[in-house]
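Trainee: First, the structure itself, so that you have it in front of you.
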């Protein structure tokens, strides 16, 4: 582990029957960070979680979680992590309480301590009233919340969350996202979030990595990735009267690199952000009345598809 | 090895099976058939059949090939008593062994292949348990119920055959030394045999059904023993039972050794990819 990284992966490789499914994956994640791991189905997100949690041994490369080597200290790694698997992995024939008690026992909790923790978590996730019900009768949202409670049972500093909101209604998804945010911001837990929900990643993650065919094709904050892809600045200008003379004037300005009109909106491409006040000044000087100027930002979805397109 | 983890896993697995009626109802049915229905029908059939009709050709062959030790055991008994004694003590023995075998087989398959099929095993693999604790917990979860059921079955079987045969014998005639050896030496070995095969099959199998169908073939050797006994090829003497038990223990050791070597969480999770 480097001094500040809680999770460190160096050139991780995993092969199944000679086929390479994880290909030289490297990254570092700091304490309290929510790190998004994005990619299509089968890209290698879940396999990476399995490698980092010491369940699956890497074919090549190394990784450390909280300083523990996933290859030589897998048991220590599993003590400091909580994993929310994509499928709930709950025992449907047992009650919510029995499920949590089983995992609690395996994390070394017993007696009053165990019961208190179970009640605390069931209360926190709004499942207290259903504590004795069989999990098989639970909705997808309730199962997700119970799985998250299980992942948090032993108070782990590192969490791996695999598609935490998949299959949930908007309300349920919002609830889980709020929990994730709290876990990072207030409790300083480090979160490795696998998702293909790009809006969710943008909302939650300080940094993301995009994985495709087992290889990381981009890594950084959504803003950095955007800046790398769109080096020019684009602004949307809303004018009172956008007549031909004004449009011609704008187009011929030295700072304007490109201009397009889309659904009566004027989009102007500039060399940099510093050109925005110059543009406004020029238009006003020419007698134009500006209602608004907005810098166009790209959604993570646009970034994601652009990166994947470029790497093809 | 952390025995607290082993026992926790075993208790959870037993509870899960207990909650699954589709598993334990057929088990109780088979249990009742072997311990109550079949022996009662067999004894009543003997009691209500004329002596002349009891001596069928296979029975004549069996009596002719019977070793001296067995002839001495039934000397002085009436034909009815001889037939009941032989059936209860010898013919039902291999059939009775199927009971613990079946129980350990079902529990083990549900515990390994069933968990894989229901995808519940993934969360378990992420816990701080060792591979050895996982497999020991699961073996215990299958072994303990199979022994309990075998002993309950044995007690019920003993009561049923003594009660049904009492009008003819006028005394308690069962169990003899053979069944004590059977219960203490063969039954645990046979249960472990079923367990070992189930573990080996379940590691690779993707579903409960697939694993159960393949591992279910472990009953075949016991049906073979039953048939060989009927046709007088072998008979379950105490020495034969001791040697047979030893053979099973050796086979068990080999199968379980391979099973525990092959049981690696990485292997299981790799098969789930």
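Every number here is computed from the coordinates shown, using simple stated rules; none is lab data. None of the values given here were measured: they were computed from a predicted structure. Neighbour counts run over all protein chains shown; Cβ positions are idealised from the backbone, glycine included.
Trainee: Could you work out the relative contact order of the range B:156-273? I mean the mean sequence separation of Cα pairs under 8 Å and 6+ apart, divided by the number of residues, in percent.
Mentor: Values: 67 pairs, mean separation 41.1, N = 118.
Relative contact order comes out at 35 percent.
Trainee: Right, something else. With N residues in the range B:114-175, what two-decimal value do you get for its Cα radius of gyration over 2.2 N^0.38 Å? Walk me through the numbers before you get to the answer.
Mentor: Details: Rg = 20.8 Å, N = 62, 2.2 N^0.38 = 10.6 Å.
Against the compact-globule rule of thumb, the ratio is 1.97.
Trainee: Can you list the residues of the range A:278-301 with backbone N under 18 Å from a point 7 Å past the Cα of residue A:259, pointing along Cα to Cβ?
Mentor: A:278-296
Trainee: Sticking with this one: Between the range B:1-72 and the range A:234-312, what is the C-alpha centre distance in whole Å?
Mentor: What the calculation gives is 86 Å, centre to centre.
Trainee: Please express the shape of the protein assembly as shown as an equivalent ellipsoid: the semi-axes are the square roots of 5 times the eigenvalues of the C-alpha gyration tensor, given largest first in whole angstrom. List each step's numbers first, then the result.
Mentor: Numbers: eigenvalues 1033, 95, 85 Å².
Largest first, the protein assembly as shown gives 72, 22, 21 Å.
Trainee: Going by C-beta contacts inside 10 Å, put B:13, A:262, A:8 in order with the fewest on the left.
Mentor: On the way: B:13 25, A:262 8, A:8 20.
Ascending number of Cβ neighbours within 10 Å: A:262, A:8, B:13.
Trainee: Percentage of Cα-Cα pair distances in the range A:9-89 greater than 14 Å, rounded to whole percent? Walk me through the numbers before you get to the answer.
Mentor: Details: 2052 of 3240 pairs.
Of the Cα pairs, 63 percent sit more than 14 Å apart.
Trainee: Take the Cβ-Cβ distance between residue B:132 and residue A:274 as r, set R0 to 56 Å, and report the resulting FRET efficiency rounded to the nearest 0.05.
Mentor: Working: r = 65 Å, r/R0 = 1.16.
So the FRET efficiency works out to roughly 0.30.
Trainee: Throw me the Rg/Rh for the range A:228-301, computed over C-alpha atoms with Kirkwood Rh, two decimals. Could the numbers behind the result be given before it?
Mentor: Values: Rg = 11.9 Å, Rh = 12.6 Å.
With Rg and the Kirkwood Rh in hand, the quotient comes to 0.95.
Trainee: So what is the relative contact order of chain B, in percent, for Cα pairs below 8 Å that sit 6 or more residues apart?
Mentor: Relative contact order comes out at 30 percent.
Trainee: What's the extension gain from residue B:156 to residue B:33 if we count 0.36 nm per residue and subtract their Cα-Cα distance? Walk me through the numbers before you get to the answer.
Mentor: Working: separation 123, 0.36 × 123 = 44.28 nm, distance 1.15 nm.
Result for the pair: 43.1 nm of gain on full extension.
Trainee: Shifting gears a bit: Take the alpha carbon gyration tensor of the range B:218-273, find the square roots of its eigenvalues, order them as a ≥ b ≥ c, and report rounded if a/c is under 1.5; if not, report prolate when a/b exceeds b/c, else oblate. Show your work: numbers first, answer last.
Mentor: Working: a/c = 7.47, a/b = 2.47, b/c = 3.03.
Since a/c reaches 1.5 but b/c is at least a/b, the shape of the range B:218-273 is classed as oblate.
Trainee: Follow-up. Angle check, please: helix A:140-152 long axis (alpha carbons) against the longest principal axis of chain A (alpha carbons), in degrees 0 to 90, nearest 10.
Mentor: 70
Trainee: So, R0 is 30 Å and r is the distance between the beta-carbons of residue A:166 and residue A:123; what FRET efficiency does that work out to, to 0.05? Before the final figure, lay out the partial values.
Mentor: Details: r = 25 Å, r/R0 = 0.84.
Taking R0 as 30 Å, the efficiency between residue A:166 and residue A:123 is 0.75.
Trainee: Considering only B:122, B:57, B:210, give the residue with the highest GNM mean-square fluctuation for chain B, with springs between Cα atoms whenever their separation is below 10 Å.
Mentor: B:57
Trainee: Using a 10 Å cut-off around each Cβ of peptide B:263-270, what is the average number of partner chain Cβ atoms that fall inside?
Mentor: Numbers: counts 0, 1, 7, 7, 1, 2, 6, 8.
For this peptide, the per-residue mean of nearby foreign Cβ atoms is 4.
Trainee: Sticking with this structure for a sec: Please state the equivalent ellipsoid semi-axes for the range A:146-214: what are the square roots of 5 times the Cα gyration tensor eigenvalues, largest first, in whole Å?
Mentor: For the range A:146-214, the semi-axes come out at 18, 15, 12 Å.
Trainee: For residue A:252 paired with residue A:178, estimate the spin-label separation in nm (one decimal), with each label point 7 Å from Cα along the Cα-to-Cβ line.
Mentor: 5.7
Trainee: Sort A:64, B:185 so that the residue with the fewest other Cβ atoms within 10 Å of its own Cβ comes first and the one with the most comes last. List each step's numbers first, then the result.
Mentor: Numbers: A:64 21, B:185 18.
Neighbour counts put them in this order, fewest first: B:185, A:64.
Trainee: Which value in Å is the Kirkwood Rh of the range B:3-271 over different Cα pairs? Walk me through the numbers before you get to the answer.
Mentor: Working: mean 1/r = 0.0502 Å⁻¹.
Every distinct Cα pair counted, the radius reaches 19.9 Å.
Trainee: Further question on the same structure: Debye sum, Cα scatterers, the range A:5-220, no solvent: what log₁₀ I/I(0) at q = 0.14 1/Å?
Mentor: With no solvent term, the Cα-only Debye profile gives -0.84.
Trainee: Viscosity 1.002 mPa s, temperature 20 °C: give me the Stokes-Einstein translational D for the range B:1-98 in µm²/s, with Rh taken as the Kirkwood radius over C-alpha pairs.
Mentor: Details: Rh = 16.9 Å.
D, rounded to a whole number, is 127 µm²/s.
Trainee: Something else about it: Please determine, in degrees from 0 to 90 and to the nearest 10, the orientation of helix B:187-204 with respect to the longest principal axis defined by the Cα atoms of chain B, where the helix direction is its Cα long axis.
Mentor: For B:187-204 against chain B, the angle is about 40 degrees.
Trainee: For the residues B:34, A:291, A:267, what sequence is obtained by ranking on other C-beta atoms within 10 Å, fewest first? Could you put the intermediate results ahead of the total?
Mentor: Numbers: B:34 20, A:291 8, A:267 14.
So the ranking, lowest neighbour count to highest, is A:291, A:267, B:34.
Trainee: Another question about this same structure. With just the Cα atoms defining each centre, how far is the range A:1-52 from the range A:136-169? Give it in Å.
Mentor: Taking the Cα centre of the range A:136-169 as reference, the centre of the range A:1-52 is 21 Å away.
Trainee: Would you mind checking the tilt of helix A:300-311 against the longest principal axis of the Cα atoms of chain A, expressed as 0 to 90 degrees and rounded to 10?
Mentor: It works out to around 90 degrees.
Trainee: Under a GNM of chain B (C-alpha, springs under 10 Å), which listed residue has the highest mean-square fluctuation: B:114, B:153, B:232?
Mentor: B:232
Trainee: Work out how much length residue B:231 to residue B:258 would gain on full extension: take 0.36 nm times their residue separation and subtract the Cα-Cα distance, in nm to one decimal.
Mentor: Details: separation 27, 0.36 × 27 = 9.72 nm, distance 3.54 nm.
Answer, rounded to one decimal: 6.2 nm.
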